[in-house]
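Comments concern the structure below.
The values are calculated or read from the model by the stated rules, or taken from the named source; none is laboratory data. Fair warning: this is a prediction, and the values are worked out from it, not measured in the lab. Here the Cβ positions follow ideal geometry from the backbone for every residue, glycine too, while neighbour counts run over all protein chains shown.
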Amino acid sequence: MLRRPLAVLVLITAVQLACVTRGSNTGTAEPDVEAEPSIPEVSTPASDVTAPPDVGAAPVASVVAVVDRDAKTVMLELVQTAKTSIDVFHFELIQSGSVKSLFSALTAAVQRGVTVRVFLDEAVDVSQDAVTALTAAGAQAKIDKTSTTTHLKVMIADRKDLLIGSTNLSGASLDFNHETNVRVRDPKVVAFVASYLDELWKKSNHKPTQRVLSQAGGPSAWVDGGYTTVALPVLDAAKKSVEIIMYGMNFDPAFPTGPVPDLFAALERAEKRGVVVRILLEASKDNVDLTELNQKAAARLRSYGCEVKFDTPDTVTHAKLVVIDATTALVGTNNWGYDGLNNNHEGGVVTTEATAVAAFGTYFAAQWAAAP
């Protein structure tokens with residue numbers, strides 16, 4: 001059984017309960033208080049769609065799967081070895097568990113002359129304490145106080161080494177949750193994400209004109225509303241298997257069009273052409289609303305013929321992972337909810353790098369086997 005310190009659990013649960021009263025689209029509220037306001041589903045305008053990545057080409061860049069406890073090891077490495085800069089754009093920073101060591105590493109980096117930028121969302125009150133302390137230590141740190149939620153979990157060292165995925169800066173996320181991330185050293189991907197972060201730093205409600213970076217010879221990336229642009233063609237190209245681990249899925253039947261119905265329809269099409277679709281969802285003992293929304297999503301997916309499992313209630317499966325045909329993986333920050341796919345600041349990477357995809361496939365298999 002995974003256990004959390006009592007004080008942290010009380011804090012997380014209290015804010016969760018506040019978040020889940022906002023409406024039916026709060027189904028992606030997360031253990032570390034990630035939530036979506038109630039906004040109707042709408043179709044993505046055709047003018048927003050950019051060319052999907054060429055996921056059939058063999059990647060040439062270094063892409064590494066980073067799951068569960070490995071995330072804190074990589075984060076510490078990035079901060080401790082950075083020579084010129086470290087960018088941390090995250091939903092939250094709660095100084096508990098392993099985050100304390102990471103916080104100390106950030107202040108030490110400032111002391112050795114590294115430019116440290118930290119950008120956090122306003123949803124978690126204690127994140128302001130972290131910003132105050134980091135600023136006092138000489139770092140550049142601020143809170144996103146706009147209506148757009150910064151749901152990112154991104155770290156870049158020296159503008160050349162990127163970590164992005166589901167792991168929040170909290171003791172729960174670093175020390176207990178099941179999480180999926182990807183480490184990328186591809187120059188074009190890192191430059192694309194870094195440029196996006198630069199614009200957010202200048203203007204918190206920035207909406208990028210380029211939401212997808214597509215390159216035939218390496219990993220591709222998306223930010224903000226670019227997820228479905230990447231995911232839909234990959235799902236529609238699936239021939240054998242689609243394997244998904246997702247913390248939150250919110251399909252509201254009152255809104256039959258939009259990014260969530262589009263993704264569900266792609267899974268239904270995959271099932272009809274004989275693809276084996278397996279989905280693992282979170283069953284939360286602390287967030288009953290989330291569990292109910294995931295159960296509704298599961299019922300719809302099962303009606304298509306998809307196999308759906310839930311994790312055990314004493315485990316938090318906070319990952320956001322899609323593996324297609326054991327050849328392609330999508331790893332990022334997005335839940336399958338309206339804001340997660342349309343409105344939030346989000347991001348991720350799609351890769352066909354064989355070693356990374358195999359690692360994510362192995363990870364899915366282990367989580368699937370462990371689920372009841």
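What to note about this one:
- Residue within segment 237-249 that is closer than 20 Å to Asp121 by Cα, modelled with pLDDT of 95 or more and not polar (S, T, N, Q) present: yes
- Condition check for Ala299: of a type in the set (A, V, I, L, M, F, W, C), closer than 29 Å to His206 by Cβ and part of a helix (DSSP H, G or I): no
- Each residue in segment 246-266 was checked for being surrounded by fewer than 20 Cβ atoms within 10 Å (Cβ to Cβ) and of a type outside the set (Gly, Ala, Ser), and 7 pass.
- Given (1) modelled with pLDDT of 95 or more; (2) surrounded by fewer than 24 Cβ atoms within 10 Å (Cβ to Cβ); (3) not acidic (Asp, Glu), index of the condition Lys203 fails: (1)
- One residue from Val230, Val154 being buried (at least 23 other Cβ atoms within 10 Å of the Cβ) and closer than 25 Å to Leu106 by Cβ: Val154
- Number of the condition not met by Thr167 [criteria: (1) in a helix (DSSP H, G or I); (2) closer than 19 Å to Asp68 by Cα; (3) not hydrophobic (A, V, I, L, M, F, W, C)]: (1)
- Which listed residue, of Val308, Val349, Val331, is in a strand (DSSP E or B) and closer than 21 Å to Ala172 by Cα: Val331
Okay, residues lined up against (1) of a type outside the set (Ser, Thr, Tyr); (2) not in a strand (DSSP E or B):
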| site | (1), (2) |
| --- | --- |
| Lys188 | yes, yes |
| Tyr196 | no, yes |
| Ser204 | no, yes |
| Pro208 | yes, yes |
| Gly217 | yes, yes |
| Trp222 | yes, no |
| Pro233 | yes, yes |
| Val242 | yes, no |
| Pro253 | yes, yes |
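- All of Asp325, Asp314 fail the test of being more than 18 Å from Glu243 (Cβ to Cβ) and among the charged types (D, E, K, R), apart from Asp314.
- Arg183 meets all of the listed conditions (1) out of contact with any His (no Cβ under 8 Å at 6 or more places or on another chain); (2) of a type outside the set (A, V, I, L, M, F, W, C); (3) outside any strand (DSSP E or B); (4) at pLDDT 95 or above but one, namely (3).
- Restricting the search to strands (runs of 3 or more DSSP E) fully inside segment 59-158 and requiring at least 1 residues that are out of contact with any Ser or Thr (no Cβ under 8 Å at 6 or more places or on another chain), charged (D, E, K, R) and in contact (Cβ under 8 Å) with a residue 60 or more places away in the chain gives 85-90.
- Residue match in segment 355-368 (condition: at pLDDT 95 or above and not in a helix (DSSP H, G or I)): no
- Residue, farthest from Met75 (Cα to Cα), within segment 106-115, restricted to residues that are under 26 Å from the mean Cα position of the chain (by Cα) and surrounded by fewer than 23 Cβ atoms within 10 Å (Cβ to Cβ): Thr115
- Contact annotation: residue pairs with Cβ atoms under 7 Å, 6 or more positions apart or on different chains, pairing a residue in segment 223-238 that is under 25 Å from Gly274 (Cβ atoms) with a partner that is of a type in the set (Gly, Ala, Ser) and at pLDDT 95 or above, are Val230/Ser220; Leu232/Ala266; Leu235/Ala266; Leu235/Ala270; Asp236/Ala266; Ala238/Ala270.
- Evaluation of Asn342 against (1) among the polar types (S, T, N, Q); (2) over 30 Å from Leu197 (Cβ atoms); (3) at pLDDT below 95; (4) out of contact with any strand residue (DSSP E or B) (no Cβ under 9 Å at 6 or more places or on another chain) (one fails), failing number: (2)
- Arg302, sole failed condition from (1) exposed (fewer than 15 other Cβ atoms within 10 Å of the Cβ); (2) over 17 Å from Trp368 (Cβ atoms): (2)
- Only one of the listed residues (Lys296, Lys285, Lys272) is farther than 28 Å from Arg211 by Cβ, among the basic types (Lys, Arg) and at pLDDT below 95. That residue is Lys285.
- Residue within segment 339-349 that is under 19 Å from Asp70 (Cβ atoms), touching a residue at least 60 places away in the same chain (Cβ under 8 Å) and touching a Phe, Trp or Tyr at 6+ places or on another chain (Cβ under 9 Å) present: yes
- The residues on offer are Ala270, Ala265, and the sole one that is more than 21 Å from Gln367 (Cβ to Cβ), assigned to a helix (DSSP H, G or I) and more than 21 Å from the chain's Cα centre (by Cα) is Ala265.
- Pairs, first closer than 19 Å to Pro253 by Cα in segment 275-294, second modelled with pLDDT under 95 and of a type in the set (A, V, I, L, M, F, W, C), C-beta under 8 Å, six or more apart: Asp289/Val20; Asp289/Ala29; Leu290/Val20; Leu290/Ala29
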